[in-house]
Amino acid sequence: MIKVFIDGKEGTTGLQIFDRLGTRNDIELITLPEDLRKDVNARRECLNSADVCFLCLPDATAIEAAAMVTNNRTRIIDASTAHRTNPDWVYGLPELSDDRRRKLKEAKRVANPGCYATGFITLVAPLVRAGIVAPDYPFVVHAVSGYSGAGKKSIAQYESEDRDKLLSSPREYALTLSHKHLPEMVNECGLTAKPIFNPYICDYYSGMCVNVPLFAKLMSKRHTVGSLIEFFEEYYVRQNFVRVVKKSEIPQFLPANLLANTNMLNIYVSGNDEQILLSAVFDNLGKGASGAAVQNMNIMMGLDERTSLV
C-alpha cells in the first residue's frame, strides 16, 4: 500500500489528483481535518509519514513544504513552478528520453511540468536535440487554454451567472511577454533565448492547444511536413500518452478541447514546405497537470504508468 499525502488538495490540481487516486486499492490517502489544513506541525507529520507527497501549492509554500520533509524515504512531486529549473529536481516529462524516464524511476524530488510548457517542450526539445533547429531559433508560441487553467477563482468567475460579457471572448494575456512557464521551456529545450509566448484563456472548461510555427528556410536541417511527421513518429513511438497524427487525419478545424478528460497529447504537423505549423493538443488538467503528476508517481513507484489514467 502506497501512502500518499496531497498538500494543497483544495486546489484544482490537488482535487483532480485526489479523485484519480481515490478509487485505487493500492493507495492510502493521508488527509487532514479542515481545521488542521494549515497547521504547520500537522502538515509536517503528514509529509514525513507519506511514501509520496504531491505539493499543489503556491511557489513559496511549496518550497517551505519540501524543506519540511526530513527523511530519505518520502518522495515529492511538486506541481508548482518552484523547482522546475532546479538541477537537484528531475523535470517530470518522461517522454523526453529513456534517460529521463530512468531518472524519474530513481528520483526523490520531481518537478511536475507546466501545462503550456508541456506542449512546447514536447514539440521543440526533440528538434533541438536532433539539430533540426538551432538553440537560437526565434521561436514564437501561440496557445489557447480553457479557463480551468487559471485556478479556482477564475473558474468561479467564468461560471458565475452574472459574469462580465467580455469573458465570452478569448482573452490574450502575458502581454509583457513574460510568463512563469518560460524558464522551464528554455531550460528543457536547451535554448539560448526565450521564445515569444502568446497565450489566450478562452470560454471553455479544459483543453489546450500549443502552436509553434517554423520557417523551413530557418531550420538547420531542411524538413517537409511529411518528414517531420516521420521524425516525431519515430521519436515518440514507444510512448503511451503521445500520439503523432498522420497527415491524412489532420482536420480542417482543430478543437483545443479535443482531449479533455484524458492524459493524451496529440502532435499535429501541418502547413506546407515553406511554412510549417507544429501543434500539441492535450488537457491542461490532464497531461498538463494532475494526469502528468499521477503518471510520474506511477513511474517513481515502479508501476505501469497508465494506472488510473487509461
Within the range 1-41, restricting attention to residues that are in contact with a Leu (Cβ under 8 Å, 6 or more places away or on another chain) and part of a helix (DSSP H, G or I), which residue is surrounded by the fewest Cβ atoms within 10 Å (Cβ to Cβ)? G22
Quick one: A156 ticks every box in (1) part of a helix (DSSP H, G or I); (2) among the small types (G, A, S); (3) closer than 30 Å to D273 by Cα bar one, so which box is it? (3)
Do we find a residue being touching a residue at least 24 places away in the same chain (Cβ under 8 Å) and outside any loop (DSSP other than H, G, I, E, B) anywhere in the range 79-86? no
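Can you go through N266, N284 and tell me which one is closer than 19 Å to A143 by Cβ and either acidic (D, E) or part of a strand (DSSP E or B) (or both)? Lay out the reasoning, then the answer.
Working: N284 fails: either acidic (D, E) or part of a strand (DSSP E or B) (or both).
None of the others qualify; the one that does is N266.
Starting from residues that are part of a loop (DSSP other than H, G, I, E, B) and not small (G, A, S), keep the ones in the range 95-114 and report whichever is farthest from V186 (Cα to Cα).
As a first pass, look at the range 95-114 and keep what is part of a loop (DSSP other than H, G, I, E, B): 97, 107-108, 112-114.
With the extra rule that they be not small (G, A, S), the set shrinks to 108, 112-113.
Working: K108: 24, N112: 16, P113: 13 Å.
Here the residue is K108.
Which residues, counting only those in the range 165-193, are over 15 Å from T81 (Cβ atoms) and part of a loop (DSSP other than H, G, I, E, B)? Let's see the steps before the verdict.
Filtering the range 165-193 for residues over 15 Å from T81 (Cβ atoms) gives 165-173, 175-177, 189-193.
Once the filter is applied, which keeps residues that are over 15 Å from T81 (Cβ atoms) and part of a loop (DSSP other than H, G, I, E, B), the range 165-193 yields S169, P170, Y173, L175, T176, L177, G190, L191, T192, A193.
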Going through the range 98-116 one residue at a time, which ones are within 26 Å of V212 (Cα to Cα) and free of Cβ contacts under 8 Å to residues at least 24 places away in the same chain? D98, D99, R100
Does any residue of the range 42-51 turn out to be in contact with a strand residue (DSSP E or B) (Cβ under 7 Å, 6 or more places away or on another chain), outside any helix (DSSP H, G or I), buried (at least 22 other Cβ atoms within 10 Å of the Cβ) and in contact (Cβ under 8 Å) with a residue 60 or more places away in the chain? no
Are any of the residues in the range 235-255 part of a strand (DSSP E or B) and among the hydrophobic types (A, V, I, L, M, F, W, C)? yes
Hey, any hits in the range 126-141 for a residue that's within 19 Å of F282 (Cα to Cα) and in a helix (DSSP H, G or I)? yes
Residue under question is K194, and the condition is that it be surrounded by fewer than 13 Cβ atoms within 10 Å (Cβ to Cβ) and of a type outside the set (F, W, Y); does it hold? no
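Here, each number is a calculation from the coordinates, and none is a lab measurement. Model, not experiment: these values are computed from the prediction. Note: ideal-geometry Cβ built from the backbone for every residue, glycine included; neighbour counts use all protein chains shown.
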